[in-house]
Each structure stands twice: as structure tokens, then as C-alpha cells.
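S.K.: First the structure, which I've put down as C-alpha cells, then a few questions once you've had a look.
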Amino acid sequence: MYAYTEFDRAFVRDRVLQYRDQVKRRLNGSLTEDEFKPLRLMNGVYLQLHAYMLRVAIPYGSLTPRQMRRLADIADKWDKGYGHFTTRQNIQFNWPRLIDTPDILEALADVDMHAIQTSGNTIRNVTTDQFAGAALDEVADPRPYAELIRQWSTDHPEFQFLPRKFKIAITGGSDDRAVIRAHDIGLQLIDLKGRVGFRVFVGGGLGRTPIIGQELHEALPAEDLLPYLEAVLSVYNLAGRRDNKYKARIKITVGEMGIDVFREKVEAAFERLRPAFTGQDLSVLGEIQADFEPPRFLEKSQDVYFSALDSDTHFRAWVERNANPHKHPSYASVTISLKGHGNTPGDASAAQMRVMADLAERFGHEELRVSHEQNIVLPHVAQADLPEIYRQLGKQGLATANIGLVSDIIACPGMDYCALATARSIPIAQDIALRYERRESEIGDLKIKISGCINACGHHHVGHIGILGLDKAGVENYQVTVGGSAGNDAAIGQKMGRGFSFEELMPALDRLIDTYLAVRIDQSEAFVSTVERLGTIPFQEALYVIDKTA
Amino acid sequence: MAAIKLPVVITANDLLSGEAVYWHKSGIWSADLTGSQVFESLEQAQASLQQVVSDAVVIGAYLAEVLEEGNRLVSRHYREGFRERGPSNYCHGKQESLRQKVAV
């Protein structure tokens, strides 16, 4: 893990002091709300439907046990005893009082955390593969590059007032687990004849105009990363539209300009900027990489593990679903599901956070990750310790064996919390999880993603089944898309037709899933493969069968 | 934007807690919709909105449509209903404190 320097600590502490004074001035009337709002947003403090919301940055989703425990303490002391892990690999607290937010930021600073650049038209938290540093298919660990980008982009004077927010994702493996092509910039680490490089994608994004990112550079040497990113950002900063918020993202800039012209402009900017990078970035990268050395893996007897696999079918099901292969043959990466059936996707209570921190400390080489799919990962655990980890998780309701199944749903906060939402997402996710609990193993891999408005925080466009909640004449209405994908074959799902009311949605999903079960070749053909083979028409007909017979 | 349907109440978020609050007949801001001053005239409601809203107490004030069902006030739009009651995923937030109040 990256260790904060005194410079980092001083920077974060200064920001807390600044913010404390800003809150004081707001409360004594020296600042109006119009003056204060951009200041609080720069520190991650939003106003939502029922309360303020504090969004805390978790750089590339990495946490230490100490930091996780601090999040639990904050949940207990200043919130309602829980936190919500997000698709940006961050955490949100839904109920802080404004007057407490400076104390919360100070408590975060004590453990080298903050909420800077979790809002506003800046470069946001860089996201990455939750199995970084552990995955079998990894070319190189993406976290040092993510950290380098974090340091470069934090308070970067040129990029604090971009036309719109800017999101960067990096994947280190051949399998894209970071949805890189749905980001403003997506980076894929590649092997350039023994040296590390990047395949660079640009102009991806979801929201009201979903676009899959296009390749901007097929083989960028790693040493050119920062000057190249700076070139992309500087072109966007000048050419990005500031006249219309809905056309201000880089995907629109690239679309209007065309990828070839955009690339030419980036190349020209790169030539101009490259000489300014004299190697300091690379020496910083070298220091950062030293912080991300793999842990010292331990050899342990696996007798207990194999015996549990043989004797305990629940444990075996959990290992099959929630344990991911690791670089080290006797290790695994464990995904702790925050999707217990009927629960709010991504929520963890303070007690659950503490248990996860304890397990990371005892068995996980002091590392935790937040996945963009709103689960928590212990990236490095010995298989020998899996039975005990499973037992401890079970005590806190955290041993649900559902990763990749119907109930492992991404859902944005929706209208239960969010001021921008047009419909609820979470109750839909809860209903789906409960409805298919007994059938989900039979159904197999199926990613459902739900957004409560067109901004698509729930990634519905890239769900195998996507659900978008809208307000139709004062009634919640849900549009269904089919055939989206977030992986290497990234694709935007196709809209099936008219939306469904809250009450109509579950029967419609039943028809959709029953059709899949009826037409798939066998259980090994996942939903998305069946859609690929047959197209969406059988599913569309299933959804609207009632209309057809009426 | 759709025309506002009468009657309406004045709602905002409390500056300190961020909680959804309503302007009451008694001249205070309260977390309960019950007891809100109900306006049958848009002009009157807008004039009051200018008058009663203080940036030092609440933020983001606006007019919210309501229905009068017998003696009870209810929000017309589901969004306002969630603001009034709290999240629907499980019992916490405003609905929890209202339940505790009833239990007392």
C-alpha cells in the first residue's frame, strides 16, 4: 500500500483547516449558500434528499484495516451506523450533520484519508481492478500507476475547472474488471516486448449518452503516461463544451471532433508537453512501486481447506463463487458480498466493517479493496484460511455465495437517498434478490445493474440486464435493456421497449429469465452468451408478451 | 416545466442537519409535513417563500404539491413522499424517528 508522506499529510490537514473555517463562516452567516456550496462540494459534501451526504475517496479502492475501522467509527459516531460503498470504489455516508463534517474530515485525515476531488469538474478517484497485484492474468500491478495519476491530478492547477467531471480507470489484466471503456480515459496495461505500456481508450461514458470508449493509442510506453494524459486533458480542457452541461463530457468532444482529429491534437500537445517531464515523474513512480511490493506469502497446510471443501457444500459453493484464482497457487482473492438477499447493495454496517478489517489483519496481509461492483475484497488470503474466514463472515451475514449471480446487483442509491434520482433503485434490487434467491444458482452468471436516473451511476447500460428508473407522469417507470456488457466485450444494452411500472417489473423479469432458461443450450451458456447467439428479439417478445396477446 | 398544482406547502432542507423541513402555520420550520401552512394561491405561496426563507436556517426552499385527504396532508409526488417519510429500503431516517415518537 502507498504510505503517505509528510507532504501528503500536511496537504490534507491544511484542507481540513480550510474547510473547518468555511463551515464556521457558513454557520455564522458570513458565507451564503451560493458561496458555500462549491466549497463544500470540493470536500465531498453534497446535499441529498434527507440529509447531507459525505463522499470519501478510497484511492483505487484500497484500504488498510485501520482505515476500514475508522470508517466504522465514523459510521457509529456521526452517521447511522453504516456506510455505502459505491461504483467509484468510494464510500458515502448518508446522514452526517453539516456541523460535524469538519470533525469527520479530521478523523479521516488521521488515517490518511480525505474527500478531496470526490465532486466537481475535476479528475475523480482513479479506479482499478479489485484484484490488482493478485490476479493471475495481470501484466503489471495497476495501482502504482493509479497512485501516480492521483498525485499528479490532486489539486492540479490546470484541471480544477474542467468542462465536466473526469474519470480514469486502469486494468492490469487481460480481463477487464475495471470497465475501462466506460470511462473518460481507460487504460489497459500491456506487455511491450518486455516493457510495460498502455493501450489507451478515450471518450467512454454512460449517463444520458452512453458511448463505448475508442482506442486512442495502441501502445503507449509507460514512461510517457503522465505527459500523454496531460496532453489529452489539455485538449479536452480547451475543446470541451462549456455551453451545455449535457454535452460537456469528453465523449461528446471526441464524438464531435472525430477520433482521428482528436488524436492529432493530442499528439501535437504531447510533443509540446513531453519535454517538461524531465524524469521526476518516473523517479516518483519508482518510489511508489516500492510501496506496492507483493506481501510475503506463507505456506500453510491445506488439509483443513480440502476437508472443508469435501464436507461442507455451503462452503464449497462460497469458494466457487467468491474466491478468485491468485498468482500464488495456494492463495485466493476473496470477494465478500455486500449483497445479502434483501439487503441494500453496497451497504455495510459498522460491525461488518470491523469484522472485515479484523479478517484483513489476521488473514489478508492487511489489505482490503472496494470493488466497483460494490463488494469488498481480501486480495491475498491463503486457501488454508478460507474455512475460518467463511465462518467469521457468516456470523456477520457476510458469507453470501452470490458473486456474479442475479443478486450480485449494482444499484445506485436512487430516490431513497439521491436528490437527482427520478425513481428508486434499491427496492428493485432487494425484490430481485429475494425473488431469485432459490433459483440463482440454476440461472448462473447474470449481471443486473440498476440506475435511478439517466445519469447511470448504477451502470445499467452495461448490465446484461439493465434497469433504468424514470418518472413517467408522476409514477415510477422502469426501462429494461438487454445485452450490455462491462468486460472486454464492452457493449451498451439495447432498450427493449416501453417501461414497466414498479408492480409490472418483476413479472416482466420473470418472463425474461424464464425465456433464457428455456432457450439456452445448457447451463454452461450464460445469459449474455445466449443473447449474443440469438439476439434480443426472443427476450423482447417475452417482455411484451402481454401486449402481444392483448 | 409542468405547472404547479395547488395546494402547495413550502419545503426546504435544514441548514444544520440537511433534513427535509416544512414551513408551519405556527411560523416555525418542522420535519413534519403535518401542520404545514397550506397555500391555495400560487402568488401567496411565492410571496411567503420570499418572506419566510432565511439562508441562515434552511437551504434550497421550494413549493411542494400536496393533497388534503380528510384532515391529513400527503405529498402529491412520490419524490416528496420519500422526503417526507425517509428511505423505503428499510426503516431508518425520518420514519424511524417518527415511529419512536409514536411509541413514546
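S.K.: Quick test for you: out of B:S17, B:S36, pick the one residue that is more than 14 Å from chain A (Cβ to nearest Cβ) and out of contact with any Gly (no Cβ under 6 Å at 6 or more places or on another chain).
M.R.: Unique residue meeting the criteria: B:S36.
S.K.: Residues of the stretch A:504-532 being over 29 Å from the mean Cα position of the chain (by Cα) and part of a helix (DSSP H, G or I), which ones?
M.R.: If the condition is that a residue be over 29 Å from the mean Cα position of the chain (by Cα) and part of a helix (DSSP H, G or I), then A:E504, A:P507, A:R511, A:D514, A:T515, A:L517, A:A518, A:V519 are the ones that fit.
S.K.: Let me ask another. Given the criteria in contact with a helix residue (DSSP H, G or I) (Cβ under 8 Å, 6 or more places away or on another chain) and at pLDDT 95 or above, does A:L41 qualify?
M.R.: Spelling it out, it is not the case that A:L41 is in contact with a helix residue (DSSP H, G or I) (Cβ under 8 Å, 6 or more places away or on another chain) and at pLDDT 95 or above.
S.K.: State the number of residues belonging to the stretch B:20-33 that are buried (at least 18 other Cβ atoms within 10 Å of the Cβ) and either closer than 22 Å to A:R40 by Cβ or within 14 Å of chain A (Cβ to nearest Cβ) (or both).
M.R.: Final tally of qualifying residues: 5.
S.K.: Another question, then. Can you report the number of residues in the stretch A:459-503 which are assigned to a loop (DSSP other than H, G, I, E, B) and either of a type in the set (D, E, K, R) or within 14 Å of chain B (Cβ to nearest Cβ) (or both)?
M.R.: Residues flagged as assigned to a loop (DSSP other than H, G, I, E, B) and either of a type in the set (D, E, K, R) or within 14 Å of chain B (Cβ to nearest Cβ) (or both) within the stretch A:459-503 amount to 4.
S.K.: Right, another one. Restricting the search to the stretch A:471-487, which residues are in contact with a strand residue (DSSP E or B) (Cβ under 9 Å, 6 or more places away or on another chain) and either in the same structural domain as A:R177 (by TED's automatic domain parsing) or not hydroxyl-bearing (S, T, Y) (or both)?
M.R.: A:D471, A:K472, A:V475, A:E476, A:N477, A:Q479, A:V480, A:V482, A:G483, A:G484, A:A486
S.K.: If you take the residues of the stretch A:403-415 that are touching a residue at least 60 places away in the same chain (Cβ under 8 Å) and within 12 Å of chain B (Cβ to nearest Cβ), which of them is surrounded by the most Cβ atoms within 10 Å (Cβ to Cβ)?
M.R.: A:A411
S.K.: Is it true that A:G394 is assigned to a loop (DSSP other than H, G, I, E, B) and surrounded by fewer than 24 Cβ atoms within 10 Å (Cβ to Cβ)?
M.R.: Spelling it out, it is not the case that A:G394 is assigned to a loop (DSSP other than H, G, I, E, B) and surrounded by fewer than 24 Cβ atoms within 10 Å (Cβ to Cβ).
S.K.: Also, I was wondering about something else. When the residues of the stretch B:57-76 are narrowed to those that are surrounded by fewer than 18 Cβ atoms within 10 Å (Cβ to Cβ) and closer than 19 Å to A:L47 by Cβ, which ends up nearest to the other protein chains (Cβ to nearest Cβ)?
M.R.: Among them, the one singled out is B:G60.
A quick yes/no check of all residues on (1) under 25 Å from A:G61 (Cβ atoms); (2) in contact with a Ser or Thr (Cβ under 8 Å, 6 or more places away or on another chain); (3) surrounded by 20 or more Cβ atoms within 10 Å (Cβ to Cβ):
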site	(1), (2), (3)
A:D281	yes, no, no
A:E293	yes, no, no
A:E320	yes, no, no
A:H326	yes, yes, yes
A:Y331	yes, no, yes
A:V334	yes, no, yes
A:D358	yes, no, no
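S.K.: Being facing chain B (nearest Cβ under 9 Å), surrounded by fewer than 24 Cβ atoms within 10 Å (Cβ to Cβ) and in a loop (DSSP other than H, G, I, E, B) is the filter here; which residues of the stretch A:416-429 pass it?
M.R.: Correct list: A:A419, A:T422.
Every residue, every condition in (1) farther than 29 Å from B:R85 by Cα; (2) touching a helix residue (DSSP H, G or I) at 6+ places or on another chain (Cβ under 6 Å); (3) modelled with pLDDT under 95, yes or no:
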position: A:V406; (1), (2), (3): yes, yes, no
position: A:Y417; (1), (2), (3): no, no, no
position: A:T422; (1), (2), (3): no, no, no
position: A:I450; (1), (2), (3): no, yes, no
position: A:I454; (1), (2), (3): no, no, no
position: A:V475; (1), (2), (3): no, no, no
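S.K.: I'm trying to understand the selection: among the residues of the stretch A:1-13, which are in a helix (DSSP H, G or I) and either in contact (Cβ under 8 Å) with a residue 40 or more places away in the chain or closer than 22 Å to A:Q92 by Cα (or both)?
M.R.: Within the stretch A:1-13, the subset in a helix (DSSP H, G or I) is A:6-13.
Across the stretch A:1-13, the qualifying residues are A:D8, A:R9, A:F11, A:V12, A:R13.
S.K.: Which of the following residues is out of contact with any strand residue (DSSP E or B) (no Cβ under 8 Å at 6 or more places or on another chain), among the aliphatic types (A, V, I, L, M) and closer than 15 Å to A:L505 by Cα: A:L434, A:L468, A:L420, A:L405? Walk me through it before giving the result.
M.R.: Values: A:L468 fails: out of contact with any strand residue (DSSP E or B) (no Cβ under 8 Å at 6 or more places or on another chain); A:L420 fails: closer than 15 Å to A:L505 by Cα; A:L405 fails: closer than 15 Å to A:L505 by Cα.
Exactly one residue qualifies, and that residue is A:L434.
S.K.: Looking at the stretch A:336-354, can you tell me whether even one residue there is modelled with pLDDT of 95 or more, under 28 Å from A:P142 (Cβ atoms), more than 21 Å from the chain's Cα centre (by Cα) and assigned by TED's automatic domain parsing to the domain that holds A:L378?
M.R.: No; the residues of the stretch A:336-354 include none that is modelled with pLDDT of 95 or more, under 28 Å from A:P142 (Cβ atoms), more than 21 Å from the chain's Cα centre (by Cα) and assigned by TED's automatic domain parsing to the domain that holds A:L378.
S.K.: Which ranges mark the strands (runs of 3 or more DSSP E) fully within the stretch B:1-100 that have 3 or more residues being closer than 21 Å to A:C418 by Cα?
M.R.: On the way: elements: B:8-14, B:20-23, B:58-69, B:72-75.
Of the strands (runs of 3 or more DSSP E) lying wholly inside the stretch B:1-100, those with at least 3 residues that are closer than 21 Å to A:C418 by Cα span B:8-14, B:20-23, B:58-69.
S.K.: Right, next: Among the residues of the stretch A:304-324, is any farther than 30 Å from A:P221 by Cα and in a strand (DSSP E or B)?
M.R.: yes
S.K.: Still on this structure, please answer the following. If you go through the stretch A:40-54 one residue at a time, do you hit one that is free of Cβ contacts under 8 Å to residues at least 24 places away in the same chain, of a type in the set (D, E, K, R) and over 28 Å from A:E367 (Cα atoms)?
M.R.: Within the stretch A:40-54, the first condition is being free of Cβ contacts under 8 Å to residues at least 24 places away in the same chain, and the residues that meet it are none.
No, there is no match, as no residue in the stretch A:40-54 is free of Cβ contacts under 8 Å to residues at least 24 places away in the same chain, of a type in the set (D, E, K, R) and over 28 Å from A:E367 (Cα atoms).
The values are calculated or read from the model by the stated rules, or taken from the named source; none is laboratory data. Keep in mind it's a predicted model, so treat the numbers as computed, not measured. For neighbour counting, all protein chains shown are included, and Cβ atoms are generated from backbone atoms with ideal geometry for every residue, glycine included.
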